[in-house]
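Visitor: The structure's right below; bear with me while I get my questions together.
No lab work stands behind these numbers, since they all come straight from the coordinates. Nothing here was measured: the structure is a model prediction, and the numbers come from that model. Virtual Cβ from ideal backbone geometry, glycine too; neighbours counted across all protein chains shown.
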Amino acid sequence: MSAAAWISTSMPYLTPRREGQPDAWGAELAARGRRGGQRIVSAGEVDASDEVAELLSVTPGEAVVVRRRVMLLEDVPCELTDTYYPASLARGTRLAGTAKIPGGAVTLLAELGHTGVRVQEDVTARMPGEEEREMLRTEPGEPVLRLVRVTFDGADRPIQADVMTMPAHRQRLRYEIGIG
């Protein structure tokens with residue numbers, strides 16, 4: 001792993017921000033003295049694929065809202081993130097649009113009455129598709145990590161599913177788990 005590798009923890013991305021605070025990605029960059037941002041590629045309703053339907057507990061083909069983003073670190077794409085929401089929660093909200101959301105999507109979900117209390121994450125490694133390789137600016141033969149995160153509310157209903165793809169050689173995922 002190179003010196004430019006990014007070490008990421010999940011917790012800041014699961015907690016709603018206070019008014020006036022930047023989104024978790026912006027806050028993490030600022031805290032580390034780095035610069036970057038995100039480019040929202042598209043947002044709106046799509047038909048749920050089999051995978052997304054399973055993650056959100058909806059019927060395949062049912063409408064869901066997706067926000068597709070490219071995350072940037074020092075102007076280099078470091079992650080492709082597709083975030084899905086049940087249409088019943090996100091339709092007609094800022095989650096369905098391409099504008100940046102003050103405080104981030106988790107903050108908006110909380111404002112809408114949907115707070116996550118449990119998260120499930122699965123991490124796999126694989127070779128990227130050609131479009132992913134081009135978007136992430138990786139060389140042939142360089143694998144990617146794929147992190148799939150589902151956030152559940154207090155009634156154990158999925159309220160958000162993130163599918164993130166990142167170059168394996170530029171990323172380290174850190175999990176800190178409290179015991180007791």
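Visitor: Roughly speaking, what is the stretch gain from Glu134 to Glu45, that is 0.36 nm per residue apart minus the C-alpha to C-alpha distance, in nm to one decimal?
Guide: Going from the current span to full extension adds 29.5 nm.
Visitor: While we're looking at this one, here's another question. Rounded if a/c is under 1.5, else prolate if a/b is larger than b/c, else oblate: which is the stretch 140-180, with a ≥ b ≥ c the root eigenvalues of its Cα gyration tensor?
Guide: Oblate.
Visitor: Quick check: the distance between the Cα centres of the stretch 99-135 and the stretch 42-79, to the nearest angstrom?
Guide: 8
Visitor: Shifting gears a bit: Could you order peptides 107-118, 74-85 by the average number of other Cβ atoms within 10 Å of their residues, highest first?
Guide: Working: 107-118: 16.0, 74-85: 18.8.
Sorting 107-118, 74-85 by mean packing, highest first, produces 74-85, 107-118.
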